[in-house]
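**Student:** Next up is a structure, given as structure tokens.
The values are calculated or read from the model by the stated rules, or taken from the named source; none is laboratory data. These numbers were taken from a predicted model, which means no experiment stands behind them. All Cβ positions, even for glycine, are placed from backbone atoms using ideal geometry, and neighbour counts span all protein chains on display. Surface areas here come from the heavy atoms of the whole protein model, side chains and all, with no ligands, DNA or RNA. Shrake-Rupley method; radii C 1.70, N 1.55, O 1.52, S 1.80 Å.
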Amino acid sequence: MDIQTFQNVAPKLPAEMAILMRGPTGVGKSFMAKAIADELSLPFIDVRLSTMSEGDVGGYPDLEGMKETGIMSFCMPSWFMRGCQEPVLICLDELNRALIGVQQSAFQIVLDRQLGNDKNGIPYQLHPDTRIVACVNTGAEYTVEDMDPALLRRFWVTDLSPTTEDFITWATGKLHPATVDFIRNHPEHLRVDPGNVDPGTICPNPASWHRLDTSLRHMGILKQETANSGSFYSVASGFIGTEAAIAFTDFVKNYSEVITAEDILDNWKDTKSKVEDLTNSKINGLVEKLA
């Protein structure tokens, strides 16, 4: 599913309907969970399940309370209790990299929207407007646990597959124009499947392009006159790998003034000569901007 379709569907689902996003790393699963929270004006709570033990999710016995009442109740995690007290969006990230016991607690949250118990034996219940979004990595290159079919059927499941157009739409105005234009002209470098290269190879993905753009701009070297420096290529290769870094470095070295659709439509007289000097690939990029 592309991003636009996901954004049209996910926020409109009932609050009690948990969402499961599947996809390779770096395609924006956690980012989209945050986008749902922002659209619905809900606090966003990111819970990284792969770093937790069973008690970190299901709660620990309240030993002090037991001394007073003789009844075992549980001290629950703060993020879960906040979701009981007020509407929030809880993102259960890396669900299929979690321990089996942690997955079982997640099962109870998704299935029953409750965990633990108070001194009267009553489970703590999520607020009716609290939403649950889970994210899992997929692909043979990941070390993950298989999802329990009984858990899987409790979700609205989507395999997130952002398109180049999705990335360009999001990146325009947020990333440097050179980065956006490079992806527009070379979409094959937006994401490379790690399963198709040797283990340990650095591969580009949407998230790594975002980090690269942020780093190059912070260092002040994302510009044509500094692309020849060794630092530019070294930074790029560390984020997006050798092949994409070579292509991006060459692109920025030869990058001319950005021409927008507005330049063509509203100021053609001054823009015509610049367009005539462009390569076919860059002209194709302008056609996409006009569209």
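**Student:** Regarding the stretch 253-260, can at least one residue be identified that is closer than 21 Å to G23 by Cβ, among the acidic types (D, E) and out of contact with any Phe, Trp or Tyr (no Cβ under 9 Å at 6 or more places or on another chain)?
**Tutor:** no
**Student:** Sticking with this structure for a sec: Would you pick out the residues in the stretch 2-18 that are part of a loop (DSSP other than H, G, I, E, B), closer than 20 Å to V110 by Cβ and touching a helix residue (DSSP H, G or I) at 6+ places or on another chain (Cβ under 9 Å)?
**Tutor:** Listed by number, the list holds a single entry, A18.
**Student:** Among the residues of the stretch 1-18, write down those that are buried (at least 20 other Cβ atoms within 10 Å of the Cβ) and touching a Leu at 6+ places or on another chain (Cβ under 9 Å).
**Tutor:** Result: I3, F6, A18.
**Student:** Spot the failing condition for V136; the list is (1) within 27 Å of P77 (Cβ to Cβ); (2) modelled with pLDDT under 85; (3) within 16 Å of the chain's Cα centre (by Cα); (4) not hydroxyl-bearing (S, T, Y), and only one is missed.
**Tutor:** Failed condition: (2).
**Student:** Here is a follow-up. Looking only at residues that are part of a helix (DSSP H, G or I) and without any contact (Cβ under 8 Å) to a residue 24 or more places away in the chain in the stretch 172-207, which one is most open to solvent (accessible area, probe 1.4 Å)?
**Tutor:** The selected residue is N196.
**Student:** Next up: Is the stretch 170-183 home to any residue that is modelled with pLDDT under 85 and either in contact with a strand residue (DSSP E or B) (Cβ under 8 Å, 6 or more places away or on another chain) or at negative phi (or both)?
**Tutor:** Taking every residue of the stretch 170-183 in turn, none turns out to be modelled with pLDDT under 85 and either in contact with a strand residue (DSSP E or B) (Cβ under 8 Å, 6 or more places away or on another chain) or at negative phi (or both).
**Student:** May I pose another question? Go through the stretch 270-287 residue by residue and tally those that are modelled with pLDDT under 80 and surrounded by 10 or more Cβ atoms within 10 Å (Cβ to Cβ).
**Tutor:** Residues that pass the stated criteria total 6.
**Student:** Could you list all residues from the stretch 224-233 that are farther than 15 Å from A247 by Cα and of a type outside the set (S, T, N, Q)?
**Tutor:** E225
**Student:** Which of the residues that make up the stretch 220-238 are open to solvent by 60 Å² or more (accessible area, probe 1.4 Å) and touching a Ser or Thr at 6+ places or on another chain (Cβ under 9 Å)?
**Tutor:** Selection gives Q224, N228, Y233.
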